[in-house]
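Here, each number is a calculation from the coordinates, and none is a lab measurement. Quick caveat, the model's predicted, so the values are computed rather than measured. Positions of Cβ are backbone-derived with ideal geometry, glycine not excepted, and every protein chain shown enters the neighbour counts.
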Amino acid sequence: MATSSTHLHGLTREELRLLLVRWGFSPVHAARLWSYLYLGLAGSFAAMPELPVKVRTRLETDTRLDPLPVALATDSADGFTRKYLLALPDGERIETVLMRFTGRVTACVSSQVGCAMGCVFCATGQMGYTRHLTPGEIVAQAVHVARALRHPPPGQCHGLSDTGARLRNVVLMGMGEPLHNYDAVMHAIDILRDPNGLALGAERITLSTVGVVPGILRLAEEKRPCHLAVSLHAATQTERAALVPAAKKWPLDELMAACRTYSHQTGRRIFYEWTLIEGKNDSAEHARAVGNLLHGLPAQINLIPLNPTAGYAGTPTRSEAAKRFQKILAEEFSLPSTVRQRRGIDIAAGCGQLAVGSV
Ligand code: SAH
Ligand code: SF4
């Protein structure tokens, strides 16, 4: 039964159809409503003129449509990144980032308010865990970005000004640990993928995890249609546990076994993320250690120079060290790697910089 808190963006197309049918309305109205939500990107019931008044009235009474008003929007100086502080109905807030790379627009969405995993260099980890997001709150972030692309506000800086651009990719790399909120995240992915909606297929959705082993195994078992990124940062258990406390619960050998199972069962390559911190994990020895760990696996390494956060004193790696790291991986281990383009650092919208103060 729908309640006043039923979030329309949290229903799959089939769930929406069943809801309207249960209310005694024709499935035709459900199909039209779905089109309004994901093709029209409607932000209010008033923007759905072809729905009969009785259907709209029922929806207004028993569902919610757009509970994520923008509390703040900030553009990076280069115009390629826009960070949104979005308000949730219970007064909590999350951050969502619109990123423009060459030839594609990506939404970086949050899966939780805060995070329980406590990685030492991450601003979200530093703020602690408040709650999981619902599927509707996750999908609504992508809808928000898609709508912002279609209707950019007047005077928006040049990098984001091409009206009509389409959202092409979603990365679950915002605030929170997606595999700690497994069911809601998978439900959201089902909605994002719908070919009659945002149509973000498996190739266009990437989920990044700190290394929640049971979640990785479940993804493999269920053959979930998305790319997987695993945050590694160190190639020994001791070094990793010092950066990523979750490694004490899910040790490196168990994590690597789960990654092998995942690649074997899904046939997919995994992206391994490595935040490069000067003097800590960016030496030639570190590159060889990760090379040995991943050699022979279907892997790509994403190197992320450390972004500054208030609670961690480390320094980002120098670009020569990042290049040396890449060269060793490529030449000695045939492992492809990329250095993450630094985007939005001036507005604290880079990896690991997302955090909000308490309201
Ligand atoms: N919770 C998930 C996804 C969100 S974080 C995860 O940890 O994988 C996305 C990526 O940013 C992760 O690889 C994370 O380790 C990295 N990251 C966190 N803090 C960072 C920082 N200060 N600088 C650079 N990368 C950081
Ligand atoms: Fe959580 Fe990921 Fe930040 Fe670690 S890096 S604290 S898992 S959001």
222 nm [θ] for the chain, helices only, -39500 (n - 2.57) per DSSP H run of 4+, per residue, to 500? -10500 deg cm²/dmol
Run the numbers for GLU15 and PHE101: contour at 0.36 nm per residue of separation, minus the present Cα-Cα distance, in nm. 27.5 nm
Of the DSSP H helices in the chain, the ones reaching 18 Å or more along their long axis in Cα terms and averaging at least -0.5 in Kyte-Doolittle hydropathy are 135-150, 252-266
Give, rounded to the nearest 20 debye, the magnitude of the charge dipole that region 70-347 has about its Cα centre when Lys and Arg contribute +1 at Cβ and Asp and Glu contribute -1 at Cβ. 480
For region 8-62, with only Lys/Arg (+1) and Asp/Glu (-1) charged at the beta-carbon, what is the dipole magnitude about the Cα centre, in debye rounded to 20? 120
When we measure straight from the Cα of LYS327, which lysines land under 23 angstrom away, once same-chain ones fewer than 8 places off are left out? LYS280
How high is the FRET efficiency from ASP346 to ARG218, r the C-beta distance, R0 41 Å, rounded to 0.05? 0.60
Using a 10 Å cut-off around each Cβ, can you sort THR317, THR206 from fewest to most neighbouring Cβ atoms? THR206, THR317
Which of the GluC sites (Glu not before Pro) found in region 164-244 are loop residues per DSSP with 11 or fewer other Cβ atoms within 10 Å of their Cβ? none
Taking 0.36 nm per residue of separation and subtracting the Cα-Cα distance, what length does fully extending THR6 through THR57 add? 16.9 nm
